[in-house]
Amino acid sequence: MQFIKDSIRSVPDYPKKGILFRDITTAIKDPVVMKKIIDTIANEFRDDKIDYVAGIESRGFIFGMPVAYCLNCGFVPIRKPNKLPMETYSVEYSLEYGTDRIEMHKDAIEKGKRVLLIDDLLATGGTASAACELVKKAGTLAGIAFVLELSDLKGREKLPDDVKILTLAKY
């Protein structure tokens with residue numbers, strides 16, 4: 001969607017030389033753009049009987065909470081290690097140099113409940129794929145939504161092909 005691309009700031013050589021960083025802060029500070037993003041995601045999944053929206057830390061929280069509100073469902077945070085106080089499911093995933101892990105409370109999603117997973121960006125797909133695994137440990141993955149996708153990094157190939165995937169803007 002061009003309105004999103006027009007609102008994203010591109011920052012060269014951040015966080016390191018050779019990387020072109022797509023900065024969403026310029027999109028979310030604009031109330032018209034932010035509303036269009038939230039409404040578009042919510043409308044796309046309105047008829048999918050979503051019970052929970054799960055947002056990946058931290059920018060998935062920015063979009064996930066208002067989408068959950070629009071869909072009249074609960075919100076589940078997917079966090080970095082050691083941020084949740086109760087017993088968690090945990091999934092480790094590969095990074096360019098090493099591994100990382102994300103977690104979700106074991107009691108966050110009841111068996112069989114339908115979950116929409118949201119994050120701001122799909123890049124290599126490592127974090128999103130791990131989050132899909134987390135959701136599937138507890139509930140049913142009903143869909144995945146991203147504001148941006150960096151298509152050249154082929155992250156979509158790591159995601160399940162049996163769920164609806166929405167990306168609002170591709171680079």
| field | Shape of region 55-123, Cα gyration tensor, a/c cut at 1.5 | value | oblate
| task | Please list, in chain and number order, the residues 5+ apart from TYR171 or on another chain whose amide H is under 5 Å from its amide H, with Hs placed from the backbone. | result | GLU149, LEU150, SER151
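May I ask for the longest run of the chain untouched by GluC sites (Glu not before Pro) that are loop-located per DSSP and have at most 13 neighbouring C-beta atoms (other than their own) within 10 Å?
With a cap of 13 other Cβ atoms within 10 Å, the longest stretch comes to 1-86.
Expressed as a whole percentage, what fraction of the accessible surface of region 1-155 belongs to carbon and sulfur atoms when a 1.4 Å probe is rolled over the protein heavy atoms? Walk me through the intermediate numbers first.
Numbers: 4060 of 8090 Å².
Solvent-exposed carbon and sulfur of region 1-155 make up 50 percent of the total.
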| task | Write out the trypsin sites (Lys or Arg not before Pro) in region 103-154 meeting two conditions: DSSP loop, and at most 11 other Cβ atoms within 10 Å of their Cβ. | result | LYS111
| Shape of region 1-85 from its Cα gyration tensor (a ≥ b ≥ c, root eigenvalues): rounded if a/c is under 1.5, otherwise prolate when a/b > b/c, or oblate? | oblate
| request: Work out the FRET efficiency for THR99 and PHE21 from their Cβ-Cβ distance, taking R0 = 25 Å, and round it to the nearest 0.05. | output: 0.65
| field | For region 22-37, 3J(HN,Hα) per residue [Karplus equation, 6.51 cos²θ - 1.76 cosθ + 1.60, θ = phi - 60°, Hz, x = Gly/Pro] | value | 9, 9, 7, 4, 6, 7, 7, 7, 8, x, 5, 5, 4, 4, 5, 4
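List the trypsin sites (Lys or Arg not before Pro) within region 8-41 that fall in a DSSP loop (any state other than H, G, I, E or B) and whose Cβ has at most 12 other Cβ atoms within 10 Å.
LYS16, LYS17, LYS29
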| How many angstrom lie between the C-alpha centres of region 79-107 and region 117-171? | 17
| message | Can you give me the accessible area per residue for region 1-128, using a 1.4 Å probe, in Å²? | response | 56
| query | Which whole-Hz ³J(HN,Hα) couplings does region 8-13 yield from phi under the Karplus relation 6.51 cos²θ - 1.76 cosθ + 1.60, θ = phi - 60°, glycine and proline marked x? | reply | 8, 8, 9, 10, x, 6
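Go through region 37-135 and name the chymotrypsin sites (Phe, Trp or Tyr not before Pro) that are in a DSSP coil and have 16 or fewer other Cβ atoms within 10 Å of their Cβ.
Within region 37-135, the qualifying chymotrypsin sites (Phe, Trp or Tyr not before Pro) (loop, at most 16 other Cβ atoms within 10 Å) are TYR97.
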| message | My understanding is that a pair violates if its Cα-Cα distance is over 32 Å; which of LYS113/LYS154; LYS16/LYS137; LYS83/LYS111; LYS49/LYS158; LYS5/LYS158 do that in this structure? | response | LYS16/LYS137
| note | Under the rule rounded for a/c under 1.5, else prolate if a/b exceeds b/c, else oblate, using alpha carbon gyration tensor axes a ≥ b ≥ c, the chain is classed as oblate
| note | For LEU166, other-chain or 5+-apart residues with amide H closer than 5 Å (H placed, Pro excluded) are ILE144, ALA145, PHE146
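The values are calculated or read from the model by the stated rules, or taken from the named source; none is laboratory data. Owing to the predicted nature of the structure, the values given are computational and were not obtained by experimental measurement. All Cβ positions, glycine included, derive from the backbone under ideal geometry; neighbour counts span all protein chains shown. Accessible surface areas use protein heavy atoms only, side chains included; no ligands, DNA or RNA. Shrake-Rupley method; radii C 1.70, N 1.55, O 1.52, S 1.80 Å.
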